[in-house]
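Chemist: Dropping a structure here in structure tokens format, bear with me for questions.
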Amino acid sequence: MCGQHLQAKATVTNDGDPRPGARSGCVGVVISIPEPLAGELESWRASFGDPLAAVIPPHITLVTTTPVEDWEETTEHVRRIARTQAPFTVGLRGTGSFRPVSPVVFLNIAEGFEDCVALHGKLQSGPLERDLEFGFHPHLTVAHDVSQAGMDAAEEKLADYASTFTVSSMGLYEHDQSGVWILREELSFDAEPENAGCAGGGGD
């Protein structure tokens, strides 16, 4: 998701709208970045001259802007996947770029890359199934559509950047008629990690 405002700083988990019937619209699903890391990355993005830094909180997109025919079916689809997903770790390491195809500089996902790819594959099915113009490459944008000098600075200054955090939920967003992305639900991952029962064992 890009180019539009994300209302992710509001304390919204469910807006209470019952949404009766089959209602169409556009959705997106993202991993939000926790504080204080989010604030740090927002400051970096602003320093590279990116005006979207103030209105788009740092995030990892799992499902980009996708039209849907039935909001209720789509919501239940995303909820079902969240219930079967276990928390995982994301490690950000260094920078990459989609230039010259797209004017984007990003932080690499060195740890948790395959987890994001697998989660994307589960989400982009059923009511969210669609053909994508480019293959899915999870990343965290730090500069988008800024000057070449700004993108060069982002790629160079964050080349040695490293940070790690735990992903335990994902946000379901709706693209409203005013062009704003609104958080409809923050969905916790309910499955146990695969090694959850292995700690503290004895024997040989």
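No lab work stands behind these numbers, since they all come straight from the coordinates. The model shown is predicted, which means the values in this text are computed figures rather than measured ones. Positions of Cβ are backbone-derived with ideal geometry, glycine not excepted, and every protein chain shown enters the neighbour counts.
Chemist: Can you work out the PRE-style zone for T84? Point 7 Å along Cα to Cβ, and I want the residues of region 125-168 with backbone N under 20 Å.
Modeler: 125-130, 168
Chemist: Report the calculated FRET efficiency for E114 and E69 (r = Cβ-Cβ distance, R0 = 45 Å), to the nearest 0.05.
Modeler: Numbers: r = 30 Å, r/R0 = 0.68.
Approximately 0.90, to the nearest 0.05.
Chemist: List the residues, sorted by chain then number, that are 5 or more residues from V55 or on another chain and whose placed amide H is less than 5 Å from its amide H.
Modeler: Residues meeting the criterion, in which the H sits 1.01 Å from N, do not exist here.
Chemist: So what are the ³J(HN,Hα) numbers for region 188-193, from phi and the Karplus equation (6.51, -1.76, 1.60; θ = phi - 60°), rounded to whole Hz, Gly and Pro as x?
Modeler: 6, 7, 9, 6, 7, x
Chemist: List the residues whose amide H sits under 5 Å from the amide H of A143, counting only those 5 or more places along or on another chain, with H placed 1.01 Å from N in the peptide plane.
Modeler: Result for A143 returns V105.
Chemist: Same structure, new question: Take region 30-159, drop everything but the C-alpha atoms, weight them equally and run the Debye formula without solvent; then report log10 I(q)/I(0) at 0.09, 0.10, 0.12, 0.22 Å⁻¹ to two decimals.
Modeler: -0.29, -0.36, -0.51, -1.32
Chemist: Continuing with this model, one more query. Hey, what do the phi angles of region 136-142 turn into as Karplus ³J(HN,Hα) couplings, whole Hz, using 6.51/-1.76/1.60 and θ = phi - 60°, x for Gly and Pro?
Modeler: Computed from phi, the couplings for region 136-142 are 6, 9, x, 6, 10, 5, 10 Hz.
Chemist: Next question. So who's got an amide H within less than 5 Å of the one on E185, skipping anything under 5 residues away but keeping other chains? H placed 1.01 Å off N, in plane.
Modeler: L172
Chemist: Then there's this: Expressed as a fraction of 2.2 N^0.38 Å, the rule-of-thumb size for a compact globular protein of N residues, what is the C-alpha radius of gyration of region 19-105? All intermediate terms of the calculation are to be shown ahead of the outcome.
Modeler: Details: Rg = 16.4 Å, N = 87, 2.2 N^0.38 = 12.0 Å.
Against the empirical 2.2 N^0.38 Å value, I get 1.36 for region 19-105.
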